[in-house]
Amino acid sequence: VTKDQEEGFEYSYYTGASTGDSPYDVTHWAGPEGYICPSDVVYATPKRAQNVEGKWRVIVNDVHYYSQTARLETCLFPEAACRALAPCYQSHCTQKSVYHRLLSFDPCDPYKGLFIDIYKLPSACSCHIPA
């Protein structure tokens, strides 16, 4: 999918833009191309974040040409039904995450210096089909 095609997608591509009276109508889950689960993608250089232990840290970024960029993908409608699958599958969109190691420092303990800390960041919006 090209960038122009991706930017042209709207919510109707994700919902199937049902034209029938029922969400079980075939027009709800079949239609033109699009993504199964809608998401928002940004490339960010975070300045502050909570680590996996829930403690706030300052992330070293934009200092003397040093930057740490992360691709963040967040579900727009978590737990919504996946597009292009029949309702009988009871599918739903699920937020996925990955662990990033980023150069950080503790603002409450400046004597600790710089260190690598671990952060859980959103990475994908995936379609889950229960067994």
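Residues of segment 34-86 that are in contact with a Pro (Cβ under 8 Å, 6 or more places away or on another chain) and aromatic (Phe, Trp, Tyr): TRP56, PHE77. Kindly establish whether GLN95 is touching a Pro at 6+ places or on another chain (Cβ under 6 Å), surrounded by 13 or more Cβ atoms within 10 Å (Cβ to Cβ) and touching a residue at least 24 places away in the same chain (Cβ under 8 Å). Criteria met by GLN95.
Under the condition of being touching a His at 6+ places or on another chain (Cβ under 8 Å) and of a type in the set (S, T, N, Q), which residue from segment 69-103 is nearest to TYR43 (Cα to Cα)? In this case the residue turns out to be THR94. Considering the conditions (1) exposed (fewer than 13 other Cβ atoms within 10 Å of the Cβ); (2) within 22 Å of the chain's Cα centre (by Cα), VAL63 is excluded by exactly one of them, (2).
One residue stands out among those in segment 100-131 that are surrounded by 11 or more Cβ atoms within 10 Å (Cβ to Cβ) and of a type in the set (Ser, Thr, Tyr): the one that is nearest to the chain's Cα centre (by Cα), which is SER123.
All of the numbers you see were taken from the coordinates with simple rules; none came from a lab. All values reported here derive from a predicted model rather than from experimental measurement. Cβ atoms come from the backbone with ideal geometry, glycine included; neighbour counts cover every protein chain shown.
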